[in-house]
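Written below as structure tokens is the structure these notes are about.
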Amino acid sequence: MIITKKFLPRRTLLKGLGASFALPFLDSMVPAMSALEKTAARPIRRLGAVYVPNGMEMRQWKPAGDIKNFEFSRILKPLEPLREHVNVLSGLADKPAIPREGEGVGDHARAASTWLTGVHVKKTEGPDIRAGVSLDQLVARELGKNTQLSSLELALDSVEVLGACDQGYSCAYANTISWRNPTTPLPMENDPRAVFERLFGAADSTDAKTRAARLKEDRSVLDFVNAEANALKQSLGNSDSHKLNQYLDAVRDVERRIHTAEQQVDREMPIFEQPLGIPSTFKEHAELMYDLWALAFQTDLTRVGTFMMGKEVTGRSYPEIGVSSGHHGVSHHQNDPKQLEALAKINNYHVQMFAYFLDKLQNIPDGDGSLLDHTILLYGTGISDGNLHFHLDLPMVVAGGAAGHLKGGRHLQYHDDTPLTNLYMAVLDKLGIPVDNFGDSTGKIDYLTDI
């Protein structure tokens with residue numbers, strides 16, 4: 001980092017014709033040694049949580065070998081190039097998802113709604129839902145004080161279904177993992193255009209007719225701010241100029257891909273009828289949403305995000321990887337080798353998308369490191385064996401560096417039935433938000449920093 005006497009405010013924006021773009025962290029935003037020392041001592045910390053549904057093929061998930069020299073399993077193999085940034089955790093349990101006497105089925109709804117809350121939910125199909133405050137929203141109350149958006153909630157499946165999505169449980173429990181308070185679930189957004197406009201604003205109305213008219217325009221909204229960007233670059237050093245160009249190129253690429261998806265809206269799509277703005281393939285959709293999330297972190301528009309790769313009981317199929325059966329049906333494999341193989345392929349495919357996100361964050365400079373260095377990312381689910389609806393020994397990954405407070409490259413195995421919320425207690429500590437308890441926690445897990 002270069003120390004200069006010039007000062008560029010951290011929240012400087014490029015503005016034009018109703019569009020505004022926050023800037024990434026630039027060296028020019030550090031005016032003197034005292035500021036550099038403050039930045040180095042207290043870099044921005046971020047939290048992200050990625051949920052995958054319907055359980056895991058656990059026999060092809062769990063790594064082999066000892067703590068530090070473990071071998072990545074088939075499902076986790078896409079994360080191997082990022083070994084030093086990844087911890088695999090075994091032995092954690094989501095016991096609040098286990099049915100109480102008389103509750104019976106409904107494990108999928110309970111899995112999603114308890115994963116980040118650690119609170120057993122009220123069984124109801126009506127409006128009298130009740131869960132708990134989720135980890136991301138507890139963190140957003142603090143980290144969101146300094147950002148435009150307190151948090152970002154993303155999804156790939158449509159969450160517009162109302163009524164009951166699991167027997168006896170409101171769809172509110174399955175449609176989100178984020179709860180502002182015990183009675184307020186936050187909606188997850190699966191339309192990239194809506195996310196883009198939430199982050200960067202819209203120059204005009206977003207109704208269907210206006211969107212169609214906008215598609216006819218030849219210029220990107222970024223063209224409106226090019227004059228300001230070019231003027232700003234005159235006062236920046238080579239490093240900052242490169243960062244600014246890299247960031248603007250990333251925004252332009254995301255917008256181009258959204259426009260492409262919208263132009264394809266009238267084309268026949270296999271498997272699913274998808275709404276305006278959503279790419280026709282799972283991979284394109286997932287990568288686009290991850291790119292938007294990375295931009296939100298890069299510009300410090302938010303420091304907290306959640307992402308549902310799929311909602312519980314989703315019947316999505318994946319013909320692109322040779323799985324034509326629905327995900328939920330495959331998860332009830334009854335130990336059939338063909339079904340187990342299909343489930344492992346889906347699980348591996350989801351991890352590939354997560355690895356894409358980690359690699360992207362690792363390649364975006366942030367202060368004295370990268371976005372990945374300053375972020376804690378959770379990846380997992382509230383069900384281990386989908387066939388049994390098992391909520392113990394969950395598949396979990398913790399990635400990132402948490403600004404020097406998290407060490408990677410290990411497979412950490414905890415005593416059976418250790419509450420998942422004990423992990424969250426440790427995460428809150430590393431984010432500088434210590435609490436006395438959370439959900440069903442009994443303490444904090446050890447070894448996330450060293451062993």
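Data for the structure
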quantity	calculated
Residue in region 370-388 that is of a type in the set (A, V, I, L, M, F, W, C), part of a helix (DSSP H, G or I) and assigned by TED's automatic domain parsing to the domain that holds Ser441 present	yes
Hey, Ser370 without any contact (Cβ under 8 Å) to a residue 60 or more places away in the chain and surrounded by 17 or more Cβ atoms within 10 Å (Cβ to Cβ) or not	yes
Test: residue in region 435-448 that is crowded, with 22+ Cβ neighbours inside 10 Å, modelled with pLDDT under 95 and in a helix (DSSP H, G or I)	no
Selection from region 408-441 of residues that are free of Cβ contacts under 8 Å to residues at least 60 places away in the same chain and over 20 Å from Thr381 (Cα atoms)	Asp429, Pro434, Asp436, Asn437
Test for Glu57: is it buried (at least 24 other Cβ atoms within 10 Å of the Cβ) and among the charged types (D, E, K, R)	yes
Failed condition for Ser325, given (1) at pLDDT 95 or above; (2) in contact with a strand residue (DSSP E or B) (Cβ under 8 Å, 6 or more places away or on another chain); (3) of a type in the set (S, T, N, Q)	(2)
Residue, farthest from Gly168 (Cα to Cα), within region 67-82, restricted to residues that are in contact (Cβ under 8 Å) with a residue 24 or more places away in the chain and in contact with a strand residue (DSSP E or B) (Cβ under 9 Å, 6 or more places away or on another chain)	Lys68
Complete set of residues in region 70-105 that are crowded, with 22+ Cβ neighbours inside 10 Å and either at positive phi or among the aliphatic types (A, V, I, L, M) (or both)	Ile75, Leu76, Leu79, Val86, Val88, Leu89, Leu92, Ala93, Ala97
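Yes or no, residue by residue, for (1) polar (S, T, N, Q); (2) surrounded by 21 or more Cβ atoms within 10 Å (Cβ to Cβ):
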| residue | (1), (2) |
| --- | --- |
| His108 | no, yes |
| Lys122 | no, no |
| Pro127 | no, no |
| Ser134 | yes, yes |
| Leu154 | no, yes |
| Asn175 | yes, yes |
| Arg180 | no, no |
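The values are calculated or read from the model by the stated rules, or taken from the named source; none is laboratory data. Since the model is a prediction, treat every value here as computed from it, not as a measurement. Note that we place each Cβ from the backbone using ideal geometry, even for glycine, and neighbour counts take in every protein chain shown.
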